[in-house]
């Protein structure tokens, strides 16, 4: 079976797309070639790294990259994980299929609600778990 090439796209490539990349690497193994990028990348979110480590997935070595790096690449699936990325995504002619998984933005929710400590991490954990479930379903559907 050929390796499935997947790009996760978010606005900043700091949290949700990084978690999705980490989960697909963990759950999909060698059956997937996976990357993530942002429309305007702004660095890896330390709380995303922390909650993924709690789940046994190390994303600490990931880098926040621009989608421009991947414009000339071919992907089987381009998966946007936020509405803003879907709206501002450049035309990716090399993507066979575009999927949209709209997840809440943990840093924005934490900021808007004035959350700190465990309350803030709870938001990250919830979104981490939602992304895990989506990736599990994706792996099950694409391994047929």
For the chain, Rg(Cα) over 2.2 N^0.38 Å is 0.99
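Hey, could you grab the Kirkwood Rh for the stretch 1-51? Inverse mean 1/r over distinct alpha carbon pairs, Å, one decimal.
Details: mean 1/r = 0.0895 Å⁻¹.
That comes to 11.2 Å for the stretch 1-51.
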How would you rank 8, 103, going from fewest to most other Cβ atoms within 10 Å of each one's own Cβ? 103, 8
Ranking of 101, 23 by count of other Cβ atoms within 10 Å, fewest first: 101, 23
To test your reading of the geometry: what angle, between 0 and 90 degrees and rounded to tens, separates the Cα axis of helix 117-142 from the longest principal axis of the chain? 20 degrees
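How high is the relative contact order of the chain, given as a whole-number percent (alpha carbon pairs under 8 Å, six or more residues apart)? Numbers along the way, then the final one.
Values: 256 pairs, mean separation 39.4, N = 144.
Result for the chain is 27 percent.
Readers should treat all values here as calculations from the given coordinates under stated rules, not as data from a laboratory. What you see is a predicted model; the values in this text were computed from it and never measured. Here the Cβ is made from the backbone with ideal geometry for all residues, glycine too, and neighbour counts use every protein chain on show.
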